[in-house]
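This report concerns only the one structure given below.
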């Protein structure tokens, strides 16, 4: 019997009735069966709802069948026959306008005409293909092999099967087709999983994903040789499914079971049943899996060829700008959905790729706007550009939470750095007030401060953690670049923000002095001190000085730190601090002015004044110093996040960095697919 695997595994109790179990035994055997054989009719009438069964039960049951099938189909060609029948059934269920010229229903036998039958058979095929990929089988050859009598050089069966899946997915899911769409996404995730397993000397054969990518980028013969729209249509459909955020339509549906699989066991253990669970918690399995599939396809490499899905995402247009373009989506909707979920790695990664690859998407987020459109908000610092809202505080919150997780920080910092490259974005952050305390910020209670001040606090925290714990050069460069961008338009920073800058400078200076006998160990602290001085120096420029009295106040209180750095053996650092020292000295003179006849201590006249009086005198000094050299020109130098320079994230188009993380997220969100994590290359972060 097919279920008695030769690898020594124990046969699992059959989940089918006797006739269907017998049919499956025959299909996976060495005996060939023609397309018209009754064994196929029997097998394609599976009535048991397979997706309602525990994933472990399905995995255990199908494993020995898949093992034998991989070995025997080379002789029987039955896997090819199975795929041909599945392809016909899937095409039959796809909208008629898609298959009118590819299937002739009067002459072609379709074994499964009901969606629940097709879902069951697709589930079986998914388990087979997953097993083949896990065990490094040449899946493309298994698709093409017709048995001993015929060569296996034709990939048309695989192409037809993939085409049928695509046609099924191109239309929007309804309540009746939701489970079918979800199983189609599951199957495409499985065929793409060849990127999740380590390469070996025997795994250099083309994968099913390679065939899929080549087919998606090929010319459409029926379209007169024009470039195929398959990749464009699939990318758009996946994004639409992501944006729609459709919950499982029925509590007894397979999608409802898949939805619970996206959550940790601890989350669902307290619920007695699925209906009770979904009355309290909403999850969107089709949306999440569509995003996962899109990211896997976009990140995958295609040998020497281009990636059609990457190109499709890069060329997607903004429907808010023009409704005439077919390959377009409303970017305002994309941003709204992403912003609500930015703290989750899946959504942050999708935003990163959209920003990195699509210039139109990046421009839509960062086009100049009237500052009157920047509306102070109780919870979020949001900035509107033609109704596109960028939620910066959720990004800062995610950075705050994941400060000690470099891989998570890479993506979050890169997204924020992309946004900060545009001056209106940063200017708006300085003008937008966060009125209520952000509960996630635990250092102290803060309210009525600018969004930029929150950014300075979070970035200083990241930089200090990196100096003390992480020692990660990429985190350092991106966080410092962000701080530079923010400080280029610094205005009216909150006292806590300016103090955090000065405290970080003091920390770097102290550690550098202690480690100075070991230049290599002291280098990171010296570099940080110099970079911070350059950021602070921006606030001392005539253009910004009148709006930075609070920064000068904090620097006056840190005179000992500045004086110590002024005597540093590094001439470069002394040059960096010269302008800051000059500005601080001028402000101190303004504070002391008028107190020459006072009765305060000669070395502490600031103590004779209230804080308000000191700030008032500093403000007057800042205005006086800036008056003669005032300039309203924008600075010409910006730190810009250039992806090709960040080798950690971009090696091999990001595959080496993102693939293990994407598959870690896929395994986490799709536990119902019964992956084998011990065999996959997953991120440990």
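The values are calculated or read from the model by the stated rules, or taken from the named source; none is laboratory data. Just so it is clear, the model here is predicted, and its values are computed rather than measured. All Cβ positions, even for glycine, are placed from backbone atoms using ideal geometry, and neighbour counts span all protein chains on display.
Taken together, the residues in the stretch 676-685 that are without any contact (Cβ under 8 Å) to a residue 12 or more places away in the chain and surrounded by 15 or more Cβ atoms within 10 Å (Cβ to Cβ) amount to 0. The residues listed here are 292, 234; of these, the one that is at pLDDT 90 or above, within 29 Å of residue 53 (Cα to Cα) and surrounded by 24 or more Cβ atoms within 10 Å (Cβ to Cβ) is 292. For residue 591, state whether it is farther than 14 Å from residue 536 by Cα, modelled with pLDDT of 60 or more and either assigned to a helix (DSSP H, G or I) or in contact with a helix residue (DSSP H, G or I) (Cβ under 7 Å, 6 or more places away or on another chain) (or both). When the stated conditions are applied, residue 591 passes them. In the stretch 431-483, the residue that is modelled with the lowest pLDDT out of those that are in contact with a helix residue (DSSP H, G or I) (Cβ under 6 Å, 6 or more places away or on another chain) and in a loop (DSSP other than H, G, I, E, B) is 432. Counting the residues of the stretch 516-533 that are closer than 21 Å to residue 484 by Cβ and either in contact with a helix residue (DSSP H, G or I) (Cβ under 6 Å, 6 or more places away or on another chain) or outside any helix (DSSP H, G or I) (or both) gives 8.
Screening 490, 508, 572 for residues that are surrounded by 18 or more Cβ atoms within 10 Å (Cβ to Cβ), in a helix (DSSP H, G or I) and in contact (Cβ under 8 Å) with a residue 12 or more places away in the chain leaves exactly one candidate, 508. Residue selection: residue 415 fails the criterion of being in contact with a strand residue (DSSP E or B) (Cβ under 9 Å, 6 or more places away or on another chain) and not in a loop (DSSP other than H, G, I, E, B). Take the conditions touching a helix residue (DSSP H, G or I) at 6+ places or on another chain (Cβ under 8 Å), farther than 26 Å from residue 466 by Cβ and outside any helix (DSSP H, G or I) and apply them to residue 542. Does it pass? Answer is yes for this residue. Among the residues of the stretch 16-29, at least one is in contact with a helix residue (DSSP H, G or I) (Cβ under 9 Å, 6 or more places away or on another chain), at pLDDT 95 or above, surrounded by fewer than 22 Cβ atoms within 10 Å (Cβ to Cβ) and outside any helix (DSSP H, G or I). Taken as a whole, the condition of being modelled with pLDDT under 80 and on the phi > 0 side of the Ramachandran plot applies to residue 652.
Would you be able to say whether some residue in the stretch 379-393 is assigned to a helix (DSSP H, G or I), modelled with pLDDT under 90 and surrounded by fewer than 21 Cβ atoms within 10 Å (Cβ to Cβ)? Within the stretch 379-393 (the criterion being assigned to a helix (DSSP H, G or I), modelled with pLDDT under 90 and surrounded by fewer than 21 Cβ atoms within 10 Å (Cβ to Cβ)), the answer is no, since none of the residues qualifies. Only one entry in 615, 609 is at pLDDT 90 or above, under 53 Å from the mean Cα position of the chain (by Cα), over 25 Å from residue 567 (Cβ atoms) and surrounded by 11 or more Cβ atoms within 10 Å (Cβ to Cβ), namely 615.
Return the residue satisfying two criteria in turn: it lies in the stretch 37-50 and is touching a helix residue (DSSP H, G or I) at 6+ places or on another chain (Cβ under 7 Å) and in a helix (DSSP H, G or I), and of such residues it is modelled with the lowest pLDDT. Out of the qualifying residues, it is 50.
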